[in-house]
Structures are given as C-alpha cells and as structure tokens.
Amino acid sequence: MVLAIRSYRLSVGYEVDEGLVWVVDRLSLEVGVGESYCLVGESGCGKSTIGNTIAGLLPPYAVTDGILELMGVKAVEGRLRRFNGLRGRVVVRIPQDPAASLNPFLTVGEQLEEVLKAHLGQLTEAEARRRVQHLLSLVKLPPEVAEVYPHQLSGGMKQRVAIALALAPSPKVVVADEPTSALDAYLKFSIARLLKALQLALGLTLIFITHDLTLARYVCDRVAVVYAGRVVEEARTVDILEGAVHPYTKLLLRAVPRRLNSGRLADIPGAPPPPGRYLPGCRFRPRCPIASEECTKDPEVVEVGEGHRVYCWRWRSG
Amino acid sequence: MSPLLSVEDLYVAFRTPKGGLGLGYRVVWALRGVSLGVEEGESLGVVGGSGSGKSTLLKAVIGLVKPLKGSIIYQGLDILKLGWSQRKRILREIGYVPQEPSQSMDPKMSVGDIVVEPLLALGVPRRSQEHLLGSVLELVDLPREIGGRSIRELSGGMQQRVAIARALITKPKLLLLDEPTSSLDVSTSAQILNLLKDLRETLGLSYIVVSHDIDSVSYVADRVAVMALGMVVEVGPTDRVLAEPLHPYTRVLVDPEKVEEEATLDPEVACPVYRWCPWREDRCATERPRPVEVGRRHLVMCWNYL
C-alpha cells in the first residue's frame, strides 16, 4: 500500500497561559492513497487538532513532536514544520463552518478563480471560467452559481462551494472537519455522499472527522476512535460498527438512538477530561465500566483481528 | 379522546428584506396550514429539514410569533382568542425548552434565578420558589449547589438540564422541546434523551419534540409528524412511519441512502416534493394534496394514496 499519510509518535500541544498542554499524544497512523479514514470521538478529544496538523493549519503557538509524512514528504519532524508547497497542491481542509470561510463581497466564481490563480499561476479568462464550471459540476451545483454571492446560497449549497474551493488546487489529501455539523439530517447525508463520490472519482485520500458513527458508515473504509488525544481503537468501519472491542467504542455505539429499538441508551458517566488533566495509564479509566488495577499502566496495542487494533488491558472482559 | 393541545389550519408568515440592493420586503410562509394534536400523556415528535417550520410551530403555541390564521386549542379553549390573564394561566401548563440553551439564558444571572424566573410572572412567594427550585433541580439530576453558579461555568449537557428545569418549574402538563440534543455530543445527547424518557414516566408529561434527526425523535415519541416547507406531509405512529415511510419526503428522511435524486423542496408548487417525486401527476403542481387516512391515526398528504 502506498501511504498518503504516515505519522509516527506524533504529538501536538498548545502553548497557553498555564504552560504547554499536549492535546495529541504519540499518534502513529498510516493511511493509504485513495483511502477514506474517519476520526470519531467526543468534543475535546483532539480530533480537530489532528486534522489541522495534517492540513498544516496549526496556529503559531502550537508545538509538535514526532514525524508526519504526507505523500512521502516530511511535513513535521520534531519541532519543525515544513508545509510550504504542501498546502493546497497536496493537502487541503474543508472547514467546519462554510459560511465563515466564504468572502461575502466576491461571487462564487471570483472566489474559485482566485484560488485557481494562486495555485496554478496565471490562467486565461476562458481557461479560468472553464475550470470554475468544472469545479461546480464536480460538487453538483448548477453553472449559474458562479455569478452568485454567498449570502444567496442555502447552507447545503455553501458547503458544496466550500468543497469546490478546497478541490480547486487539485489536492491529493482532503481533511474534512465535521463538514456536516451545521446541516440538517438529510443535508448531512447528501454532503457525506458527495464527499464519498468525490473521493472515489478523484482518487482522493479523505480524512473525515465527525462525532457521528453512523455517518462514518457511509463514507469511510477505516475508523479510528479517538479519546483524550489518543487512538483507542482502529479497524475497518464494519468491524467497528459490528464488532467493537474497546469499552469506550461500545458505549459510544450504544449511546446513539437506533430506530425501532427502544432499549435504553448507554449513559457514559461524566465527560472527557480536559487537555492537560489526563491521568497516567488508560485515560478512559475513570469512566470505564470494566476498569481495574492494571489500567493504571499505559495500555499496549492488541491486534484482535486483521487490521483491528485496540488499546485496552481489559478488552477480553467487556 | 379529545387532544390536550391541537393546532388547526395554522398559518404563519414572516417578512424578510428582499436582499441585494432591492428595497422592500418579501413574505415567507413558515407554516402553511398545519393541523396537529397531542393527547394527554402522549409524546409527539416533529421532524423536518431546516426551514420546514417546526420551530415556528412551537413558537406559535407559546405566543412568540403571531399566526395569521388558524387556531391553537388547549383543553377546548382557543388560546389565540383569550385575554391576557387567561392566557397566562394556560401558558403555565405549557413548558418551553428553546433551541441552544447557551443562547437562551442570561449569562449574568445565576442558575437559580434563571430557573425560578417563570414563577415571578405568576407571583409565587419567595419561600415556595426556593422549595420548587430544589425539587426541579432534583428532577433533572443537578446538584442543589448549582443554583448559585453562572450558566457559563456549566457544560452543554448541564445547560440543557437547566433549561429543562426552568420549563418544569411551573408544573406544566405539556413540554415543548426545540432540538433538545442538536448542539450536544453523542454521550451527552444520550443522557438528555434518557432524562426525557424518565421525566415523562415520573411526571406523566406530554411532549412535542422538534428535531431534524428522526432517530433521536423516535426514541422519545409515540407518534411522529414529518414537515416540509411549513406543511405536515405525514403523521403517524412512530414505529409505523419508520418501518414503512409512505410519503416520498418521509422516505428521504428515513432512508436517505435509498434516494437517488437530490431531494430539493420547492415552495412555488402545491406539493413541495413535486420536482422529484416519482409518483407526480399534473394536479400535484397546482392542487394541494388532502390528508388521506392510511391506518389508525396515520395520515399522508399525497394524491398517490387517495
């Protein structure tokens, strides 16, 4: 498998008033070219920080450690970050809030042309217009949308424009950070379906960040469940949905209402710990129904099936 | 059995600026002839996409927006025709939990003051206020001490509990909940849905729960109504509607993966799904479908079932 993303013991922290707070802890992951990979977990687990690190969009006060390679090029090595030349042509991020990422004073066409020219150099008018139309057709928007200002579009259409903008420089890796959280249930699905179709048609590597495991089913080949800055379970999507092993993943799945099933939803007591207040050992321990003495040590990875990795001492007892 | 609350043929419109550089306003219909009822002890779910009018329906019931036409009948009395004092008496029996708890509560007030505020309008003496505060906080599983804290110090799930406590303090019979879990994380949302289920059992409440997510609504609702562009397109028992959705738009919400076309809604035609409906006939564009009874308490607004 050719790797699009490889991280090895990648840690990310933020320099804040209280000092340096690590948000992502020694993350090692490998995502193949053309694969769709999903990061799920509750708010505050470090999902977005992982996404921003891959997309090269960390703020200046962020600190990194370890290695991150994108399409074979080192993007992060130790405390150094080298994203120039990678952002755009190699990796892009689709923002969470499309409305905030569009310029209200430019038409959709002008904004797309702006990105095209920045990445592809000077284009003739005709060529630019042709490429704008191509991008709009990719995201299934009618050609007239090029003449329109963002405020004239609905929420779902704005998200499609944001996707077109992200695809303008022809990237290889796309990080979609909760691209559907501001949308209603049907639009969520239709945007997820569009991303899946684009991933397959353009051979993109897709990192899909969400807290909605059911949405992951439509979009992703593999899923990593993130808790408190660490991956706790990683497997093919079906294996997570039908054969989850980690107690956190199991509870997360049972907390989602399933239709025609009136069984009580799982209560995961408490909330995820805020960054910087992590306990030693397994970080899910205080909320875990099957935690025991041994969980005070850092869990080691166990391979429970093909490509199904879990970080839990007690996975057999759940 | 006569319903506890019913709305009949309700119309609500908003005036919004034309936009661009054009002056003047255009009228947008939020509700276009909605008729729905909820019985005592029953829970009705209302689902639909953004702009379907589901939040407006709740706002119309508690008087936050004024309907142009139609009636809202609570225990046989038309709320819209009552004087202010009578209306106030009825409204204490209807609790309202608005969308986005963090946006609907004053960050400068203490949690205790926020929760007892509805009692001030009713002139409840200070001592009983304290007593009621204690009992509603217990109902929503919040510690007593939280009364002195500010809403900003609380997590999203706790804020939602405070909003529910405030709605419960007047001892209502009916609770209106607007997207009670949309701004919450998976695990917190499960806690709130479980709480709503428990409250209904202990207090014998009726609910109208509005949400865009049919799965979370199905967890707390006996019946579910599907809305599209201000109209109810299907209403029926939750298990029936989910197992076998009849209206084309209900199918979109229940099984989005089975729908090939983009399910856009069009306000310019009589039936909002006309543009892509597989069963469309000529009259669907011009004549609004009448409700057809397809089962016990199960209505579909579609000419195909006539």
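A few comments on the model shown:
- FRET efficiency estimate (nearest 0.05) - Cβ-Cβ, B:I62 to A:E127, R0 56 angstrom: 0.50
- Only Lys, Arg, Asp and Glu carry charge here, each on its Cβ (+1 for the first two, -1 for the last two); on that basis the protein assembly as shown has a dipole of about 680 debye about its Cα centre.
- Counting only DSSP H runs of at least 4 residues, each contributing -39500 (n - 2.57), and dividing by the residue count of chain A, the helix-based mean residue ellipticity at 222 nm comes to -8500 deg cm²/dmol.
- Kirkwood-based Rg to Rh ratio, region B:1-70, C-alpha trace: 1.08
- For region A:181-198, a decrease in accessible area of 40 Å² or greater in the assembled protein chains relative to the isolated chain, with a 1.4 Å probe, applies to A:D184, A:A185, A:Y186, A:F189, A:R193.
- Calculated P(r) of region A:1-133 - Cα pairs past 25 Å, %: 38 percent
- Counting only alpha carbon atoms, the long axis of helix B:156-168 and the longest principal axis of chain B meet at about 80°.
- Entry note, region A:118-244: relative contact order of 17 percent, from Cα contacts under 8 Å with a spacing of 6+ residues.
- Helix-only CD estimate at 222 nm, as mean residue ellipticity for chain B, using -39500 (n - 2.57) per DSSP H run (n ≥ 4): -9500 deg cm²/dmol
- Take A:172-183, B:93-104 and order them by the average number of nearby Cβ atoms within 10 Å per residue, most first; the result is A:172-183, B:93-104.
- Ranked by the mean number of other Cβ atoms within 10 Å of their residues, highest first, the peptides B:46-52, B:123-129 come out as B:46-52, B:123-129.
- Chain A: Cys lacking any partner C-beta under 4.7 angstrom: A:C45, A:C288, A:C312
- Here the Kirkwood formula, the inverse mean of 1/r across different C-alpha pairs, assigns region A:193-285 a hydrodynamic radius of 15.0 Å.
- Projected over all directions and averaged, the alpha-carbon convex hull of chain A occupies 17.7 nm².
- Of A:I240, A:C288, A:G263, farthest towards positive along the dipole that unit charges on Lys, Arg, Asp, Glu beta carbons give region A:232-318: A:G263
- Share of Cα-Cα pairs in the protein assembly as shown lying beyond 33 Å, as whole percent: 52 percent
- Rounded to the nearest 20, the size of the Cβ-charge dipole of region B:28-141 about its Cα centre is 680 debye, with Lys and Arg at +1 and Asp and Glu at -1.
- Efficiency of FRET from Cβ geometry, B:L203 and B:R87, R₀ 22 Å, rounded to 0.05: 0.40
- For chain B, the longest principal axis of the Cα atoms and the long axis of helix B:126-139 meet at an angle of about 60 degrees.
- Between region B:145-218 and region A:88-123, the alpha-carbon center distance in angstrom: 40 Å
- Sorting the segments B:158-166, B:74-82 by their mean number of nearby beta carbons within 10 angstrom, highest to lowest, gives B:158-166, B:74-82.
- Diffusion of region B:158-213 by Stokes-Einstein, at 25 °C in a medium of 0.890 mPa s and with Rh set to the Kirkwood radius over alpha-carbon pairs, works out to 211 µm²/s.
- Size descriptors for chain B, from the alpha-carbon set: Rg then Dmax equal 20.2, 65 Å.
- Shielding by other protein chains, B:178-190, mean Cβ within 10 Å: 6
- Look at the dipole of the protein assembly as shown built from charges on Cβ: of A:L106, A:Q159, B:L5, the Cα furthest out on the positive end belongs to B:L5.
- Solvent-accessible surface of region B:82-184, averaged per residue with a 1.4 angstrom probe and all protein chains in place: 48 square angstrom.
- A straight chain from A:L202 to A:E110 at 0.36 nm per residue would run longer than the Cα-Cα distance by 30.8 nm.
- Among the residues of B:206-217, the average count of other protein chain beta-carbon atoms within 10 Å of the residue beta-carbon is 3.
- Size of the B/A contact, given as accessible area buried on both chains, probe 1.4 Å, in Å²: 2500 Å²
- Length added when fully stretched, B:L122-B:S150, from 0.36 nm per residue minus Cα-Cα: 7.7 nm
- Annotation for region A:180-238 versus region A:128-167: alpha-carbon center distance of 22 Å.
- Loop-located chymotrypsin sites (Phe, Trp or Tyr not before Pro) in region A:19-100 (DSSP state not H, G, I, E or B) with no more than 15 neighbouring Cβ atoms inside 10 Å: A:Y61.
- For chain B: relative contact order, % (alpha-carbon pairs under 8 angstrom, 6 or more apart): 20 percent
- Modelled this way, with points 7 Å down the Cα-to-C-beta line, the labels at A:D298 and B:L306 are 7.1 nm from one another.
- Around the Cα centre of region A:206-318, unit charges on the Cβ atoms of Lys, Arg, Asp and Glu (plus for the first two, minus for the last two) sum to a dipole of about 420 debye.
- What region A:218-276 shows is 39 Å² of accessible area per residue, with the surface traced by a 1.4 Å probe over protein heavy atoms.
- Maximal additional length on extending the A:V238-A:L120 stretch stands at 38.5 nm, based on 0.36 nm per residue less the C-alpha distance.
- Rounded to 5, percent antiparallel among DSSP beta bridges of region A:139-238: 55 percent
- Estimated distance in nm for a label pair at A:L20 and B:R297, the labels positioned 7 Å out from Cα along Cα-to-Cβ: 6.2 nm
- Neighbour net charge for B:V210 - beta-carbon separation under 11 angstrom, K R +1, D E -1: -1
- With a Förster radius of 56 Å applied to the C-beta separation of A:W315 and B:R275, the computed FRET efficiency comes to 0.65.
- Carbon plus sulfur fraction of accessible area for region A:36-128, probe 1.4 Å, in percent: 52 percent
- Axis angle, to the nearest 10 degrees, between helix A:108-120 and the longest C-alpha principal axis of chain A: 80 degrees.
The values are calculated or read from the model by the stated rules, or taken from the named source; none is laboratory data. This is a predicted model, so every value here is computed, not measured. Cβ atoms come from the backbone with ideal geometry, glycine included; neighbour counts cover every protein chain shown. Areas reflect the complete protein model, heavy atoms only, side chains present, ligands, DNA and RNA absent. Shrake-Rupley method; radii C 1.70, N 1.55, O 1.52, S 1.80 Å.
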